[in-house]
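**Q** Just dropping this structure here.
Readers should treat all values here as calculations from the given coordinates under stated rules, not as data from a laboratory. Since the model is a prediction, treat every value here as computed from it, not as a measurement. Positions of Cβ are backbone-derived with ideal geometry, glycine not excepted, and every protein chain shown enters the neighbour counts.
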Amino acid sequence: MSAEPLRVEILDRLDENDRRAWDQLAAPKSFYAGTRWLEFQREQEQGGRVHHVCVRSGDRLVGAVAVFVVDRPSSGNYHPGKLFPDAADQGDRPVTLVGSSRGFYSGPLLSDDRALEPLLDAVQDIADTHSDGLAWWLYATSADAALLARRSGVTPRLLNGECVIPLPGSGFEDYLEGLLSSRRKRIRRDLREFESAGLRLSRARLSDEYQRCGALLAATQQKYGVQASADAMTLWLEQLSRAARDTGRLHLCMNAEEQPIGFSLIFTEGQTAYTRAIGFDYERAPHVGEYFQLSCYQPIRDAYADGATALHLGAGAYQAKARRGAVVHPMWAVPTRPGAWDATATKAYNTGQAEALRAELPGEDLVWTHDSEGWL
């Protein structure tokens with residue numbers, strides 16, 4: 001029996017059936033490709049347009065991607081002109097971002113390889129309409145970047161690395177046994193210090209606690225150079241709670257006075273848990289391993305309990321994350337239009353980015369796949 005023909009739809013909104021089908025495609029890929037995060041991004045990109053590209057075989061959704069058309073990206077990490085000043089100047093035209101406008105992930109969602117070409121054709125049609133044919137896949141995995149680069153004829157540019165801790169076996173001790181001896185000792189020391197400090201973790205719903213967590217998140221953002229007020233971060237968490245339907249797992253770290261000195265917010269998609277947000281009261285925090293208790297160790301225990309096989313920690317702080325077992329996968333930018341940037345300049349750019357990553361990483365923790373080292 002021959003396969004059913006494919007058809008493409010571009011939707012402003014997804015109904016419940018399409019949400020479920022979309023999330024089935026997103027589950028093996030990333031939380032940042034799923035509908036919970038898409039709804040949150042829609043709230044953040046006020047004034048922009050979101051197109052949900054859907055490829056169907058009969059009634060089945062077999063390919064999908066979100067396309068954001070914005071006058072100005074709300075995140076500097078998604079502003080092509082700031083990321084790549086030497087790239088083709090778009091003037092006053094809108095920016096077309098494929099996959100996401102924040103979250104450090106973009107890629108096509110496919111359950112049928114036939115859906116790739118019509119999906120990319122639809123993306124190109126949107127870019128032709130709004131941004132002179134230029135759209136941006138930002139923070140694509142090496143596998144997706146290789147697919148997209150074959151279509152565009154452009155060498156990808158290295159942006160950063162995503163940190164993922166593999167979780168072998170069935171429990172926390174299996175995670176520890178998979179690490180180098182020096183790393184196990186460091187983690188066991190973290191655990192002892194946390195236990196002796198008299199701190200405790202408690203579970204809560206984000207919808208009940210976003211007001212207390214907003215100030216903690218702002219403090220952490222400010223510590224790393226991001227200008228963020230407590231009010232702004234409280235609103236950010238409230239919007240995320242609503243968009244994600246309050247599905248995140250929130251952990252509060254309480255001191256002896258039952259005051260929260262830190263929190264972490266975890267989402268699970270498919271078989272991966274994602275540490276999405278973390279915040280601290282640095283004046284009250286005793287600095288005895290509570291950061292990694294919230295960002296790694298308790299999420300790892302929860303991930304094992306949920307049957308997950310990996311914990312995603314996002315980009316940055318590569319050395320500290322690698323010492324807790326993370327491997328680092330390069331993430332790439334791929335424009336849709338040939339000639340968006342010079343190939344020789346791109347090689348030099350990628351080499352510099354790779355050297356900066358390697359300088360932070362101990363051992364063989366940076367993983368190159370799909371011939372991506374050939375882009376350096």
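**Q** Just from its helices, what would the mean residue ellipticity at 222 nm be for the chain, if runs of 4 or more DSSP H residues each count -39500 (n - 2.57) and the sum is divided by every residue, rounded to the nearest 500 deg cm²/dmol?
**A** Theoretical 222 nm ellipticity from helices: -11000 deg cm²/dmol.
**Q** Tell me whether segment 168-308 comes out rounded, prolate or oblate; compute the Cα gyration tensor, take square roots of the eigenvalues as a ≥ b ≥ c, and use a/c under 1.5 as the rounded threshold.
**A** Oblate.
**Q** Moving on. Using the basic label-point model (7 angstrom from Cα toward the beta carbon), what is the residue 24 to residue 129 distance in nanometres?
**A** 2.7
**Q** Something else now. Please list the radius of gyration and Dmax for the chain, considering alpha-carbon atoms only, with Å as the unit.
**A** 21.1, 68
**Q** With Cβ to Cβ distances under 15 Å as the rule, what net charge do the other residues near residue 254 carry (K, R +1; D, E -1)? Working shown, then result.
**A** Details: positive: 200, 203, 212, 284; negative: 195, 208, 209, 257, 258, 281, 290.
Its environment carries a net charge of -3.
**Q** Around residue 334, with a cut-off of 11 angstrom between Cβ atoms, what is the net charge of the other residues, counting Lys and Arg +1 and Asp and Glu -1? It would help to have the intermediate numbers written out before the result.
**A** Working: positive: 150, 151, 157, 337; negative: 144.
Net charge in that neighbourhood comes out at +3.
**Q** If you average the sequence gap of Cα pairs under 8 Å that are 6 or more apart and divide by the length of segment 231-376, what percent do you get for the contact order?
**A** 16
**Q** Which three extents, in angstrom, do the Cα atoms of segment 1-147 have along their principal axes, listed largest first?
**A** Cα extents, longest axis first: 51, 27, 26 Å.
**Q** So, one more: Figure the gain on full extension for residue 355 and residue 117 (residue separation times 0.36 nm, minus the Cα-Cα span) and round it to one decimal in nm.
**A** In short, 82.2 nm is gained.
**Q** Another question about this same structure. Taking a point 7 angstrom from the Cα of residue 12 along the C-beta vector, which residues in segment 121-136 have backbone N less than 19 Å away?
**A** Once the point is set 7 Å along Cα→Cβ of residue 12, 126-127, 129-130 turn out to lie under 19 Å by backbone N, inside segment 121-136.
**Q** Say R0 is 45 Å: what FRET efficiency, to the nearest 0.05, do residue 200 and residue 180 get from their beta-carbon distance? Intermediate values should be presented prior to the final figure.
**A** Working: r = 30 Å, r/R0 = 0.66.
Calculated value: 0.90.
**Q** So how strong a dipole does segment 220-342 carry about its Cα centre when Lys and Arg Cβ are +1 and Asp and Glu Cβ are -1, to the nearest 20 debye?
**A** Values: 11 positive and 12 negative charges, 88 e Å.
So the magnitude is around 420 debye.
**Q** Round to a whole angstrom and tell me the spacing of the C-alpha centers of segment 70-137 and segment 171-246.
**A** 31
**Q** Now for a separate question. Of the peptides 361-368, 50-57, how do they stack up when ordered by the mean number of other Cβ atoms within 10 Å, highest first?
**A** 50-57, 361-368
**Q** First select every other residue whose beta carbon is under 12 angstrom from the beta carbon of residue 75; then total the charges, Lys and Arg +1, Asp and Glu -1.
**A** In short, +2.
**Q** Further, regarding this structure: Just how many pairs of Lys in the chain have C-alpha atoms closer than 29 Å, counting pairs that are eight or more places apart or on different chains?
**A** 10
**Q** For segment 168-308, with the dipole built from +1 on Lys and Arg beta-carbon atoms and -1 on Asp and Glu ones, taken about the Cα centre, which of 170, 217, 265 lies farthest toward the positive end?
**A** 170
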